[in-house]
Amino acid sequence: MYNLAWAVVLVPLGACVLSYLPEVPRRAALFCIAGTGVSLLLSLVLLAYRLQHNNAAPYQSVITFITFAPNQDLGGGVVGDFHPQLGIRVDGLSAVMMPVVALISMLVQIHSMGSMRGDAGLRRYSVLLTLGTFAMLAFVSSPNYFHLYVMWELVAVCSWLLMGHWWHRPESLRAARRAFLVTRVGDVALLLALVLTYVKFSANVALLPNTPGQDLNDPLSFTLLGQEWHRGHLGAVAGVGPRTLVVTALLLLVAAAVTSAQLPVQSWLAGTAEAPPPAAALIQSATVAIMGVLLVARAYPLFLEVPPVLAALAVLGALTAVAGAVVALTHTDMQRIIASATSSHLGLAFVGLGVGALSAGVFHLFTQAWAVALLVLAAANVARAYGTRDIRQLGGAWERMPWTSRAMLAGCAASAGVVLLSGFWSLDGVVGGVLRNRLPNGASAPGLVQGLLLVAVLAAMGLGALALTRLFAVAALGAPARRRGFQPEKVREAPNGMRIPLLALAGLSAVVGFAGIPGIRATFGNVIFAGATPQHEPFSLTALLLTALLGTGGAAAGWLIWARRNPAAARLASRVAAAVPPGAAAAVLEPLRTRATELLITRPAALPTLLERRVLDPVTDAVADGLEVAATGPRRLRTGRLSSYLLTAVAATALLALGVTLAATGHLPGVGTSR
Amino acid sequence: MSALHLLAAAGATGATGTGTGTTTTTAGEFPTVLLSALIWTTAATMLLLLVLPERTDEQRGRLRLVALAGAAIPLLLATFGLNYQIGQDFIGGTTSFEEQRPWLTALPVQSNYHLGVDGISLPLLLLSTLLFVIAMIASWRVVSHLRLYLVLMLLMETGVNGVLCSLDYFVLLLFWGMQVLPAFLLVAMGGGARRMRAAWRQLGFATVGMALLAATALLLAAKVNASPPSFDFVRDNTVSLSRGIGSLGFWLSFLGFALTLPVVPFHTWARDALAEAATPVAVLLRGTVMTLGGYGLMRVTLTAFPDASHRFGLVMVVVAVITALWGAVAALGEDDLRRLLAYGAVGQMGMVLLAIASASAIALNGAVLMLVADGLAGALLLLLAGVVQDRTRTRSIARMGGLAWQMPKLAALWVLGGLAVIGLPFLACFVAELMIFTGSFPVHRAATVIVMAGTLITTGYVLWTMQRVFFGPSREAFARVRDATTLELAYLLPLAIAVVVLGLLPGRVLPVINNGVQSVVARFTGG
């Protein structure tokens, strides 16, 4: 039954290949949707089955990619075989995430049928979306770090190609390049962690008895490493000390933080604004951006052994959450507002993971995925109808685009954490986790850190709710600004294909929260948990009240300011806004960035060529000239005629041949024959 | 095909008799001639070309076909040889298709015509023969001095293949010399405006390298206490030398091969030659001549002077790090598309040198795989650059842009090649990089981390170049340029396919490579 996961992963890949068969690009896109749909159905079956056998050990099935078996001890410390494996793993995390990825991807592709209609590269675009889905499905169901790394890279490349889909637009190219380079930093950190893990653990793992279900012990397998990390922590693995664990965890932290758009590189996510909007929705909600959180969830046994790193992760997440919410408040570009809010929510998910509430952190990721996808797609519909993404020029969508704007409202409310909607429950879990501050193995963060986290999380919630309300109120209510050539009365609701995915996502983002109400058994925490048995999060009234107060309160305040245009509130808001002039950040940052580029990239890049021109080439030439003069006298040899070179060559060869012959026959003076 | 079967039988006998490398084909058995055939076919074709006329177009067409056939036979034989080894279940360090005939017995130091291939040389042999065929096809439009051009190319192929097959220092030197002059003349014959300067520089470095190698061979012959003294690899490479002699030999051979690899600061010949030579010639320099440097470091420097290599490992590592960073950083700042690729090639070779310096089995496997993978991906990019240069009439990246409008196929191939170079999974270089890093990390930690960080710079220049050349708004100046022609696809597609296949199935050749690497590693562990 579990081998169904192979089909879940591979069907989209097959669809990619098949979609090159039909002549018409739209039909190719349909092939891709069908493939993703099949994958979705299978993954739902798999999820249902897994939920019934919740306490069973994770299932995995692997094939060996390459086998490298040195039959000798290789000096330098590495013993053991190298046999990276590809495969599938079905456990709570992968069973839950696979349908999420498949469903969001399918809805995004359906939306693309409308929003990308007539695009010249429709086939390439559909194939890339589906290929990214394949890679992401394989990523969430990865059984070991090698597979995880491979798929991580593939997802990153697909998203780079998608972001650069409109390759004739310089701003798309710039955003795509930046995103890829930034995530590439994460790749290198992850690769280094992988190499380090292999080097440290392979010798020991080779000595272990074989794991059931595997013909050889893979030193990179999650199952084995889960035990090995613990044994390493206890000092039972030769050559592995606390330092190894801390370094590995830090490398994974870097990879996760960079990919999930945390400080200080959070702004790459905003670049998705330049991508085709459906692709941006996929990148933000179901592929690249969530990979970092999932990586930490996967490596949770390691992080539990090094609580300080986990605390650092929580602090980083909290800072990003606040920063993201503040930035979301200042942007005027719809997609950038949403991207900043996403990065803020990813930060909150990291806070959940960082304080030991694994299921709460992943649950927050889960609830936000729907809302984020919904917001990006809804914003795309609005932007398409109005011809701009600038919220200051928008307005009136509430009457003119009723479906889209109501879906957008649902998304904003769900994401902001309005009472009873999905974001509320997951935010409640995160706040509860911070209040509890207790890792499954009993460790806890210092009180100061806990206090900081609590303040930051609450602030991020309030500010985030404010920002999302502002987005909705300014963009969808009121009246549009007057522009040349823009006729507000021509704004129409988006066609069916672009509306239905929104409605589906709106419904989902309203209700998925009930899957994880804290304090109730048989919910999310029962499926995704750290350690051997589920840890049931106790119900916390304080957390519930705080979440309700900040989330709903923030939204209500935003409503007063931007929707009702309450004079007092508006005055207060404008006074705060006046304190931070909108262009201030850019005015400071832009010259800094130029200067940094100059110092870090442009100048060093010119250095080697400069050295070559000033030092290496003159020296080489001097030596060559010296040799030439010494060998031939001051005669000009470089006649520039090919025949003379040829003549020289022939003469040299003849001389060599003559010498060899003479030597061989014993005629060369001073060289005697040996026999 | 029957000839192949005959060779197969002969190969089997040759392999079984040479487990330790000290015996050759025993009397009474049919001697294997696969390697001789592989090496000398091209020389024979060359001689044939010399008597064919080249006055009319028809005659030129015949010349091309004959030359292509002459280059295709070695490719066939090399494929067969590798396939044969894949089918075998060898234990470490077996040489196959060994041939040994007494040759210059009158010399004070004996030299035998001793050929043989193992897991290190076979993949490289396949790469070299493939690239020569590709280069022949890519030179299809050459008209002036056609016969000379083809003759030189075939002569160069004989030399390169001969070096890869030699098991005797004297034979190796002869073959090495055989590729130096053709390479020089080929660079001089066609290409950029400053090609003469590049050709002379290349010849200068090659001559110095050759002299260093000759000195290495003489040193080994003089200092290895064998009676009678000989140039044979098998004997010379299994004897331990005194500390001083070992160090001297290491430096001579390391410098000789490092000049060819090339490493910073001796890379200027490659920078100029790859930029100025005609595209097919640049492909050959990158894919075969530079590969010989890596091959020699493994086959000679590591194997003959293991103690000294261990002692001076740090030197190699420092050079490797500098080379890797220098190449990548210089590529980032370069505007000339061809020179940019040359710098990139140098940077990749830094990675190979890192693996060689660590001398662990995994890393050396990765190094061989890297030479092949990077040879393929680099050749693809160089050929594409040649096509782009041909269309746009410029090598300056700043003057290109938006070419994907007119040449979507070329752009797609370039993206593939670029992704292969930066090590995307399931493309050629990925497994090689992974193995190099895994193998060298325990030995040289800091260096490995620096080189890994350097791959970020590689990503940077690859992406940036791709975008500046192919993407962006359409340009009026290029409104009428054409996409890839059938001829261009005929030499680009096989390389692209090879890049993908090697990326998907590196596991097929790894046992063979490992089998060869074992003979190197055994020297380090005192085997």
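Looking only at residues of the range A:254-272 that are more than 18 Å from residue A:368 (Cα to Cα) and small (Gly, Ala, Ser), we find that the one that is surrounded by the fewest Cβ atoms within 10 Å (Cβ to Cβ) is A:267. Of A:616, A:560, A:550, all but one fail to be within 22 Å of residue B:339 (Cβ to Cβ) and at pLDDT 80 or above; the exception is A:616.
For residue A:350, the conditions (1) under 21 Å from the mean Cα position of the chain (by Cα); (2) at pLDDT below 95 all hold with the exception of (2).
Out of the residues in the range B:205-225 meeting the condition of being surrounded by 19 or more Cβ atoms within 10 Å (Cβ to Cβ) and not hydrophobic (A, V, I, L, M, F, W, C), tell me which one is nearest to the other protein chains (Cβ to nearest Cβ). The residue in question is B:209. Taking the criterion of being within 23 Å of the chain's Cα centre (by Cα), closer than 29 Å to residue B:336 by Cα and more than 9 Å from every other protein chain (Cβ to nearest Cβ), the residues of the range B:410-437 that qualify are B:413, B:414, B:416, B:417, B:418, B:420, B:421, B:427, B:428, B:429, B:432.
If the condition is being touching a helix residue (DSSP H, G or I) at 6+ places or on another chain (Cβ under 6 Å) and surrounded by 16 or more Cβ atoms within 10 Å (Cβ to Cβ), then the range A:476-492 contributes A:476, A:477, A:480, A:491. From the list B:148, B:167, the one residue that fits, being of a type in the set (A, V, I, L, M) and surrounded by fewer than 24 Cβ atoms within 10 Å (Cβ to Cβ), is B:148. Filtering the range A:387-417 to residues that are closer than 14 Å to residue A:368 by Cβ and in contact with a Ser or Thr (Cβ under 8 Å, 6 or more places away or on another chain) leaves A:410, A:411, A:412, A:414, A:415, A:416, A:417.
Just one of the listed residues (A:238, A:203) is within 14 Å of chain B (Cβ to nearest Cβ), without any contact (Cβ under 8 Å) to a residue 60 or more places away in the chain, more than 18 Å from residue A:147 (Cα to Cα) and surrounded by fewer than 23 Cβ atoms within 10 Å (Cβ to Cβ), and it is A:238. Residues that are more than 20 Å from the chain's Cα centre (by Cα) and touching a residue at least 60 places away in the same chain (Cβ under 8 Å) within the range B:494-507 comprise just one, B:504.
For the range B:460-482, the condition of being in contact (Cβ under 8 Å) with a residue 24 or more places away in the chain, more than 17 Å from residue B:127 (Cα to Cα) and under 23 Å from the mean Cα position of the chain (by Cα) holds for at least one residue. Residue pairs whose Cβ atoms lie under 7 Å apart, separated by 6 or more positions or on different chains, with the first residue in the range A:281-301 and closer than 15 Å to residue A:131 by Cα and the second surrounded by 24 or more Cβ atoms within 10 Å (Cβ to Cβ) and hydroxyl-bearing (Ser, Thr, Tyr), are A:282/A:105; A:283/A:159; A:283/A:272; A:286/A:105; A:287/A:159; A:288/A:159; A:288/A:183; A:288/A:259. Of the residues making up the range B:479-510, those that are farther than 13 Å from residue B:384 by Cα and buried (at least 20 other Cβ atoms within 10 Å of the Cβ) number 7. Answer with yes or no whether residue B:488 is away from chain A (no Cβ under 11 Å), touching a residue at least 12 places away in the same chain (Cβ under 8 Å), of a type in the set (D, E, K, R) and over 19 Å from residue B:502 (Cα atoms). Against the criterion (away from chain A (no Cβ under 11 Å), touching a residue at least 12 places away in the same chain (Cβ under 8 Å), of a type in the set (D, E, K, R) and over 19 Å from residue B:502 (Cα atoms)), residue B:488 qualifies. The residue list A:472, A:486 contains one member that is in contact (Cβ under 8 Å) with a residue 24 or more places away in the chain and touching a Cys at 6+ places or on another chain (Cβ under 8 Å), which is A:472. Summed over the range A:138-197, residues that are over 24 Å from residue B:450 (Cβ atoms) and of a type in the set (Asp, Glu) total 1.
If the condition is being acidic (Asp, Glu) and either in contact with a Ser or Thr (Cβ under 8 Å, 6 or more places away or on another chain) or under 18 Å from residue B:136 (Cα atoms) (or both), then the range B:358-407 contributes only B:390.
For the residues B:440, B:396, the requirement of being more than 8 Å from chain A (Cβ to nearest Cβ) and closer than 23 Å to residue A:84 by Cβ singles out B:440. Just one residue in the set B:263, B:289, B:283 is under 17 Å from the mean Cα position of the chain (by Cα), assigned to a loop (DSSP other than H, G, I, E, B) and either away from chain A (no Cβ under 11 Å) or surrounded by fewer than 24 Cβ atoms within 10 Å (Cβ to Cβ) (or both); that residue is B:263.
Would a scan of the range A:435-456 turn up a residue that is buried (at least 24 other Cβ atoms within 10 Å of the Cβ), in contact (Cβ under 8 Å) with a residue 12 or more places away in the chain, among the β-branched types (Val, Ile, Thr) and not in a loop (DSSP other than H, G, I, E, B)? The answer is no; no qualifying residue exists. Here is a check on your reading of the model: is residue B:186 under 20 Å from residue B:304 (Cβ atoms) and either within 14 Å of chain A (Cβ to nearest Cβ) or surrounded by fewer than 24 Cβ atoms within 10 Å (Cβ to Cβ) (or both)? Criteria not met by residue B:186. Taking the condition of being surrounded by 20 or more Cβ atoms within 10 Å (Cβ to Cβ) and within 8 Å of chain A (Cβ to nearest Cβ), how many residues in the range B:443-469 meet it? Matching residues across the range B:443-469 total 8. Here residue B:58 meets each of (1) farther than 24 Å from residue B:167 by Cα; (2) touching a residue at least 40 places away in the same chain (Cβ under 8 Å); (3) of a type outside the set (A, V, I, L, M); (4) not in a loop (DSSP other than H, G, I, E, B) with one exception, condition (2). Taking residue B:106, is it among the small types (Gly, Ala, Ser) and touching a residue at least 24 places away in the same chain (Cβ under 8 Å)? It is false that residue B:106 is among the small types (Gly, Ala, Ser) and touching a residue at least 24 places away in the same chain (Cβ under 8 Å). Checked against (1) closer than 17 Å to residue B:66 by Cβ; (2) under 18 Å from the mean Cα position of the chain (by Cα); (3) within 12 Å of another protein chain (Cβ to nearest Cβ), residue B:153 passes all but condition (3).
Residues checked against (1) closer than 22 Å to residue A:96 by Cα; (2) part of a helix (DSSP H, G or I); (3) touching a Lys or Arg at 6+ places or on another chain (Cβ under 9 Å); (4) not basic (Lys, Arg):
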position: A:273; (1), (2), (3), (4): no, yes, yes, yes
position: A:278; (1), (2), (3), (4): no, yes, no, yes
position: A:281; (1), (2), (3), (4): yes, yes, no, yes
position: A:284; (1), (2), (3), (4): yes, yes, no, yes
position: A:289; (1), (2), (3), (4): yes, yes, no, yes
position: A:294; (1), (2), (3), (4): yes, yes, no, yes
position: A:297; (1), (2), (3), (4): yes, yes, no, yes
position: A:308; (1), (2), (3), (4): no, yes, no, yes
position: A:312; (1), (2), (3), (4): no, yes, no, yes
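In the set (1) touching a Leu at 6+ places or on another chain (Cβ under 6 Å); (2) within 11 Å of chain B (Cβ to nearest Cβ); (3) modelled with pLDDT under 95, the condition left unmet by residue A:182 is number (1).
The values are calculated or read from the model by the stated rules, or taken from the named source; none is laboratory data. Since the model is a prediction, treat every value here as computed from it, not as a measurement. Heads up, the Cβs are rebuilt from the backbone with ideal geometry, glycines too, and the neighbour counts pull from every protein chain shown.
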